[in-house]
Amino acid sequence: MRQHLTLTIAMAIVLTACGGGGSSNINDIPQVSNKPTNKIQITNDDYRITLDGEVYEVGKPIDISKLSQQEVHKFTDSVLAGKEEELRGTLLIYKQNYSAIYGLLADKKIDLINGTTESSDEYRTYGESNSYTPKENIPSEGKFNYQGIAFDGRHNNGRLSYQVDFKEKTGSGKIEGLTDVGTVVLQEGKINLNSPSDYSHPKISGAASFTDLSGSIGDTYSLRFMGPNAEEIVGSAYTYKNTGEYVDVSFAGETKTKTTE
């Protein structure tokens, strides 16, 4: 089986934005000041990013400083290309103060080895900005309530609500309002401060219940803490329908309330 394009931060995006049909043009969005998240780094030599005719690669980050916060920006006619596979469709980028997360709703897959093309209707989360909270800055006590957005590239956005108990090192929450998947329950997961296989960035992983998808397999979610002191989270929840179709939801949130209990 040919390996899927994966885009943690090492993945690259080949992206061509056009100006019609409700899509964004990165050069037309007004500058918003006071935003620490201004760049997406490319760290894998096997991939490249083309944005508005300019090629980005290792050592040349993408400037996202003109993207406004708390808005899903859609770039139609986008392309994510690796050595073996090319995906074409609509790229979505959501930006917070300290972080950004992005994915692609593909309408076409191209096998670069044998030249075949097939249609697609699959959304995948491909990565986040590398503004991870250092593990020494993860709070040791208090309960943080994160609220934000969830999206799967289709009809509407959902609402994220997630609570982390830093004393107990646990977190749980839910996503509501997504037309295609219904409510997604993010069951309790433990904070992993080391994550040796994932570049040592603190994370939470756990089971996810897609309440409207009966017979789904492998329901899972994963998130990371962002900002100097875990002010934000970004992550995704994913599963397979009993038909084999992959389902993926991106989410992001900011701390809205905090207690010291």
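Tabulated data for the structure shown
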| read-out | value |
| --- | --- |
| Selected residue [in contact with a Lys or Arg (Cβ under 8 Å, 6 or more places away or on another chain), surrounded by fewer than 21 Cβ atoms within 10 Å (Cβ to Cβ) and touching a residue at least 24 places away in the same chain (Cβ under 8 Å)] from GLU118, GLU122, GLU57 | GLU57 |
| Criterion: on the phi > 0 side of the Ramachandran plot and in the same structural domain as TYR94 (by TED's automatic domain parsing) - qualifying residue of GLY127, GLY153, GLY177 | GLY127 |
| Residue match in the stretch 150-159 (condition: surrounded by fewer than 19 Cβ atoms within 10 Å (Cβ to Cβ), of a type in the set (S, T, N, Q) and free of Cβ contacts under 8 Å to residues at least 24 places away in the same chain) | yes |
| Considering residues of the stretch 205-239 that are among the hydroxyl-bearing types (Ser, Thr, Tyr) and surrounded by fewer than 16 Cβ atoms within 10 Å (Cβ to Cβ) only, the residue farthest from ASN137 (Cα to Cα) | SER214 |
| Residue identified as more than 30 Å from GLN163 (Cβ to Cβ) and modelled with pLDDT of 90 or more among SER68, SER119, SER78 | SER119 |
| Those residues of the stretch 162-180 which are of a type in the set (Ser, Thr, Tyr) and more than 13 Å from LEU223 (Cβ to Cβ), in sequence order | THR179 |
| Verdict on SER33 being assigned to a loop (DSSP other than H, G, I, E, B), at pLDDT below 70 and buried (at least 20 other Cβ atoms within 10 Å of the Cβ) | no |
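The values are calculated or read from the model by the stated rules, or taken from the named source; none is laboratory data. Just so we're clear, the structure is a prediction, and the values are computed from it rather than from any experiment. Glycine also receives a Cβ, built like all others from the backbone with ideal geometry; neighbour counts cover every protein chain displayed.
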